[in-house]
Amino acid sequence: MKNTALTSIHEALGAKMMSFGGYKMPLQYSSITEEHEAVRERLGLFDVSHMGEFIVRGKEALDFVQKITSNDASKLSPGQAQYSCLPNDRGGVIDDLLVYRLFEDQCSEGEQAFMLVVNASNIQKDWDWISSANTFDTQLIDISEKSSLLALQGPKAIDVLRSLVDFNLDDLAYYTFTKGKVGNIDNVLISNTGYTGSGGYELYFDNEHAEYLWNKLMEAGADYGIKPAGLGARDTLRLEMGFCLYGHEINDETSPIAAGLGWITKTKKEADFFSKSLFIKDRKEGTKRKLTGFIVNDRRVPRQGYELFNQEDEVIGLVTSGTMSPSLDVPIGMAYIDKQYIKEGAEIFLGIRKKRCSCTIKKVPFYKP
């Protein structure tokens, strides 16, 4: 397993460590519920340095990004970001990612530059795919190994970060970013993004500054009740919001249309991209199953791979993710379900061995801040 630049700090804090995406990562420090509640009510600090970062730079960088991603990157101005996905050529999703349009001072004349932020478990797969697709006047640079990423998430994140930066955070709108100084560290990319649903920021910087910035954020957040948070809380937080996780809700065989990601699949954009014609067909004809949320009507927690049944005990769906919601104190899940059964409030049944548990269809998000 690989380490992040903060592995020793996590271990010193007594974190329960696990393998994730080839990295040794903190699952939890105290309890998943305690860390989850800290993010919802105050703030938490996540080390997500296992994520991958690719720089795309050149005279045809925009054309290249348009070819490999489903969203419309032509809508981005420097300093803006968007959620997107990397489609394969058979109607599935290689990965979901963030696309950052970098500032012009990072480009030579006549060039554009982007940063693609991809999932840790897919770094090599994504790199191989985009490299094979690069027939453009564009340079690709993998900066994953030398980059760290911290996510400061929660309603108090702005108060903590405001005390450490040299610019007005109120000017940093959702899904925009800037470069500036945090503490004594210059050239930090500060992004108003996150995957928790409780607001906050993500900070990208060189590995050498990781321990300093972690400690600085923890010190600045002490009076606000900051807690270090692990992958366990990150998963319960995103699931309450109905956000997809690669390997669960989306994979190489999953259409983004079925996954509810039609909003990032811009089949009307002028540029061609992988599987565009297949997604147009999915949008026009519909898919057999669609991703939806559900609540279990007792205390049984749904798990990935569990089957769902109709009143006649016929299989109608498959669970992709599930947990006991810390915010709502009920078991929640997401699943691909035959579309004729997807109706808000409808009853379906979760199969746990030979037992059938009553569930109710619930549109996501489960939790509304």
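The values are calculated or read from the model by the stated rules, or taken from the named source; none is laboratory data. All values derive from a computational prediction rather than experimental measurement. As a convention, Cβ positions derive from the backbone with ideal geometry for all residues, glycine included, and neighbour counts pool all protein chains shown.
Residues that are within 21 Å of the chain's Cα centre (by Cα), at least 3 per element: which strands (runs of 3 or more DSSP E) completely within segment 283-367 meet that?
Per the criteria, 289-296, 315-324, 331-338.
Just one of (1) touching a strand residue (DSSP E or B) at 6+ places or on another chain (Cβ under 9 Å); (2) closer than 22 Å to Tyr246 by Cβ; (3) outside any loop (DSSP other than H, G, I, E, B) trips up Ser70, so point out which.
Here Ser70 meets the rest and fails (3).
Scanning for something in a helix (DSSP H, G or I), under 24 Å from Pro78 (Cα atoms), of a type outside the set (Ser, Thr, Tyr) and under 19 Å from the mean Cα position of the chain (by Cα), does segment 127-138 turn up at least one residue?
Among the residues of segment 127-138, at least one is in a helix (DSSP H, G or I), under 24 Å from Pro78 (Cα atoms), of a type outside the set (Ser, Thr, Tyr) and under 19 Å from the mean Cα position of the chain (by Cα), which makes the answer yes.
Looking at this structure, is Glu104 modelled with pLDDT under 95 and charged (D, E, K, R)?
Against the criterion (modelled with pLDDT under 95 and charged (D, E, K, R)), Glu104 qualifies.
Contact list please: Cβ distance under 8 Å, first residue in segment 51-79 and without any contact (Cβ under 8 Å) to a residue 60 or more places away in the chain, second residue assigned to a loop (DSSP other than H, G, I, E, B) and of a type outside the set (Gly, Ala, Ser), pairs at least six apart or on different chains.
Sorted first by the residue in segment 51-79, then by its partner, the pairs are Pro78/Leu102; Pro78/Phe103.
Consider Asp96 carefully, then state whether it is of a type in the set (D, E, K, R), surrounded by fewer than 20 Cβ atoms within 10 Å (Cβ to Cβ) and closer than 23 Å to Lys266 by Cα.
So Asp96 does not fit the description; no.
Of all residues in segment 80-120, which are over 18 Å from the mean Cα position of the chain (by Cα), part of a loop (DSSP other than H, G, I, E, B) and either without any contact (Cβ under 8 Å) to a residue 12 or more places away in the chain or over 18 Å from Thr178 (Cβ atoms) (or both)?
Asn88, Asp89, Arg90, Gly91, Ser108, Glu109, Gly110, Glu111
What do you reckon, is Asp159 touching a residue at least 60 places away in the same chain (Cβ under 8 Å), surrounded by fewer than 21 Cβ atoms within 10 Å (Cβ to Cβ) and either outside any helix (DSSP H, G or I) or not hydrophobic (A, V, I, L, M, F, W, C) (or both)?
Judged against the criteria, Asp159 is a match.
Quick one: which residue in Asp142, Asp166 is among the acidic types (Asp, Glu), touching a Gly at 6+ places or on another chain (Cβ under 9 Å) and modelled with pLDDT of 95 or more?
Within the list Asp142, Asp166, the selection yields Asp142.
How many residues does segment 247-275 contain that are free of Cβ contacts under 8 Å to residues at least 24 places away in the same chain and in a helix (DSSP H, G or I)?
Residues in segment 247-275 being free of Cβ contacts under 8 Å to residues at least 24 places away in the same chain and in a helix (DSSP H, G or I): 2 in total.
So which of Gly322, Gly286 is buried (at least 18 other Cβ atoms within 10 Å of the Cβ) and either touching a helix residue (DSSP H, G or I) at 6+ places or on another chain (Cβ under 9 Å) or touching a residue at least 60 places away in the same chain (Cβ under 8 Å) (or both)?
Gly322
What number of residues within segment 12-35 satisfy the criterion of being under 19 Å from Met1 (Cβ atoms), small (Gly, Ala, Ser) and part of a loop (DSSP other than H, G, I, E, B)?
Qualifying residue count, segment 12-35: 4.
Within segment 40-66, count every residue that is surrounded by 20 or more Cβ atoms within 10 Å (Cβ to Cβ), out of contact with any Pro (no Cβ under 9 Å at 6 or more places or on another chain), part of a helix (DSSP H, G or I) and of a type outside the set (S, T, N, Q).
Selection size over segment 40-66: 4.
The conditions are (1) surrounded by 15 or more Cβ atoms within 10 Å (Cβ to Cβ); (2) over 25 Å from Leu76 (Cα atoms), and Asn192 fails exactly one of them. Which is it?
All conditions pass for Asn192, except number (2).
Only one of (1) surrounded by 19 or more Cβ atoms within 10 Å (Cβ to Cβ); (2) part of a helix (DSSP H, G or I) fails for Asn215. Which number is that?
If we test Asn215 against (1) surrounded by 19 or more Cβ atoms within 10 Å (Cβ to Cβ); (2) part of a helix (DSSP H, G or I), just (1) comes out false.
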